[in-house]
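One structure is given here, and the rest of the page talks about it.
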Amino acid sequence: LACCKTNRVIVVAEPERRIVVLGKTGAGKSSLANNIFEEKLFEVNHSADSGTSKCKAESKSLNQRRIIFVDTPGFFDTGRSEEEMKREIVRCITECAPGPHVFLIVLKVEKYTDQEKEVVKKMTQYFSEEALKFTVVLFTHGDQLPEETTIEEFVKKSEDLNQLVEKCSGRCHVFDNKYWNNVHQEEYRSNSSQKKELFNTIDKIAEANNGGYYTSKMLQAVKEKIDKEEANLSADESSQKAKEVVFHYSSHNCVMVHWHGI
């Protein structure tokens with residue numbers, strides 16, 4: 001008798017990476033997201049107001065990973081109150097539950113001013129100092145780097161900026177959303193090369209935390225609420241609906257109780 005062989009297709013789930021992007025208005029967060037996804041998913045606005053008026057999440061398979069990218073409104077938007085900003089951070093928490101694998105603090109390649117320092121201060125206020133263990137400092141406008149200068153060398157020229165990167169375990173990368181898309185450029189000044197290195201860094205953060213992610217009592221409470229809402233939805237209803245329900249609940253109830261000083 002001929003031996004029958006059964007071919008089995010084993011589907012390996014892609015590792016998920018949840019990324020939350022923070023920075024001041026005009027830092028280039030939305031352009032960075034479009035660059036990483038290689039398509040225009042986020043609105044870019046060059047005015048004084050942020051192009052991202054509300055927290056927005058997009059997901060896509062990239063480099064054998066499932067990337068969930070959460071873009072946030074820029075800090076220091078003209079015309080945006082502190083309460084509105086807090087509300088959008090709550091939305092961010094809902095979108096990235098049970099917790100982000102990495103925070104990206106987006107800064108321009110320029111002088112590190114008090115306003116940039118305030119971005120970091122607000123981040124630790126909203127998410128705690130512990131979040132810096134899951135943070136990468138990502139610079140945009142890489143064309144402003146002097147010739148033959150790496151981003152690490154640029155960072156070391158500023159004591160305050162160097163201290164920030166050290167708090168993030170030395171993790172920093174640089175992109176240029178306008179000029180570094182040419183694949184014929186030198187390897188360092190290339191978005192494709194920098195993107196590969198960024199994903200490797202994110203994987204290392206996850207591995208260093210045993211595949212885990214940043215979380216807190218606040219995020220755990222949101223995740224439990226989302227799971228409860230999803231259990232009440234029919235199969236054809238999306239988890240996004242559950243997140244919307246939880247967002248409106250969290251904006252006024254349990255999440256705010258856990259928020260440091262809010």
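Laboratory data are not the source of any read-out in this text; all were calculated from the coordinates shown. Just so we're clear, the structure is a prediction, and the values are computed from it rather than from any experiment. Positions of Cβ are generated from backbone atoms using ideal geometry, with glycine treated the same way; all protein chains shown enter the neighbour counts.
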| note | Neighbour-count ranking for Asp176, Asp203, Asp160, Asp71 (other C-beta within 10 angstrom, fewest to most) reads Asp160, Asp203, Asp176, Asp71
| said: Using Cβ contacts closer than 10 Å as the measure, can you line up His141, His101 from fewest to most? | reply: His141, His101
| query | What percentages, rounded to whole numbers, describe P(r) for the stretch 16-208 computed over all alpha carbon pairs with 5 Å bin width beginning at zero? | reply | 1, 8, 17, 22, 22, 18, 9, 2, 0, 0
| query | Fewest to most neighbouring Cβ within 10 Å: what's the order for Tyr179, Tyr112, Tyr188, Tyr214? | reply | Tyr179, Tyr188, Tyr112, Tyr214
| request: Starting with the highest mean, order 129-135, 204-210 by the number of other Cβ atoms within 10 Å, averaged over the residues of each peptide. | output: 129-135, 204-210
